[in-house]
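Engineer: Pasting a structure here, questions to come.
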Amino acid sequence: MTGDGWAAVAVGDSDTSVYRRDGVFAKCCSTDGVRDLRGERDRAEWLAGTGLPAATVVDWLESSDGACLITSAVPGVAGTDLPPAVHTRAMQSLGRTLRDLHSLPDCPFDRPLASVIGTAEDVVRRGAVNPQFLTDEWRLLEPAELLAQVVAERPYVETGAELAVCHGDACLPNVFFDPESLAVTGLIDVGRLGIADPYSDLALITIQLHDEWSADPEPFLRAYGVPEPDRRRLEFYRLLDPLTWG
């Protein structure tokens, strides 16, 4: 999808191609990815209708070659581009916004833990785990051994889990901020959004704050409302997530 003013955009770890023109983005996929992209379209439409800051769906194109989701560009800058001087205020804003997301009612999408672990089992079985997503410590083990740790911890995590609407890929590139007020201006890339354990979001964003900002996530956790999180549950989801991409 080049020409006509469309410019390719470098994106993280998605299997899709992304382009920008004026105030919209186009995310395109081959036939193999149509089902997932259609799911992202439906989730984006739902989230935009809740009143939380999010991209809106502008158009959907589908053919025998694949599909293309066109969404509005959200204002502001990605969390990865904020200067260190504003990180504390941004963490507080992010904590409040994530709490609001997790408080939304009547979400029609779910992301049960059994399904997520099933995805991890498939990725591990195919030998598709990306070692760049693993810590130095985890790279010392085989992916199957990491998966075994996840499976062993599953009963603990499922006991007493309080489910909520979760982003599913809560990381700094997927959160946009007003560079002046530090208000969250948009949550993007919501293909994994659904009812799940809120710790699945908390685990990803807190480790991102540590790794990308070299920040203590305490201001974020206090603003969210869990100043003393369950560390064991955080570690579970931090290990599970990198096993689900591939």
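The values are calculated or read from the model by the stated rules, or taken from the named source; none is laboratory data. This one's a predicted model, so the numbers in the text were calculated from it and none came from an experiment. Ideal geometry is used to build each Cβ from the backbone, glycine not excepted, and the neighbour counts take in all protein chains shown.
Engineer: If you check every pair at least six apart or on different chains, which have Cβ atoms under 6 Å apart with a residue in region 140-151 that is in contact (Cβ under 8 Å) with a residue 60 or more places away in the chain first and a residue that is surrounded by 13 or more Cβ atoms within 10 Å (Cβ to Cβ) and of a type in the set (Val, Ile, Thr) second?
Structural biologist: Pro143/Val124; Pro143/Val129; Leu147/Val124
Engineer: Got a sec? Which of Ala26, Ala54 is modelled with pLDDT of 95 or more, under 16 Å from Arg192 (Cα atoms), buried (at least 19 other Cβ atoms within 10 Å of the Cβ) and not acidic (Asp, Glu)? Quick ask: steps written out before the conclusion?
Structural biologist: Values: Ala26 fails: under 16 Å from Arg192 (Cα atoms).
After ruling out the rest, the residue left standing is Ala54.
Engineer: Moving on. What do you reckon, is Pro179 in contact (Cβ under 8 Å) with a residue 24 or more places away in the chain, closer than 24 Å to Pro84 by Cβ and in a helix (DSSP H, G or I)?
Structural biologist: no
Engineer: Related question: Quick check on region 209-220. Is at least one of its residues over 19 Å from the mean Cα position of the chain (by Cα), part of a helix (DSSP H, G or I), at pLDDT 95 or above and under 14 Å from Ala90 (Cβ atoms)?
Structural biologist: yes
Engineer: Suppose we filter Leu104, Leu134, Leu82, Leu98 for residues that are out of contact with any Asp or Glu (no Cβ under 7 Å at 6 or more places or on another chain), crowded, with 19+ Cβ neighbours inside 10 Å, of a type outside the set (Asp, Glu) and within 20 Å of Leu204 (Cβ to Cβ); which single one remains?
Structural biologist: Every option except Leu82 fails the conditions.
Engineer: Follow-up question, since we're still on this one. Inspect all residues belonging to region 115-135 and state whether any of them is part of a loop (DSSP other than H, G, I, E, B) and under 30 Å from Pro75 (Cβ atoms).
Structural biologist: no
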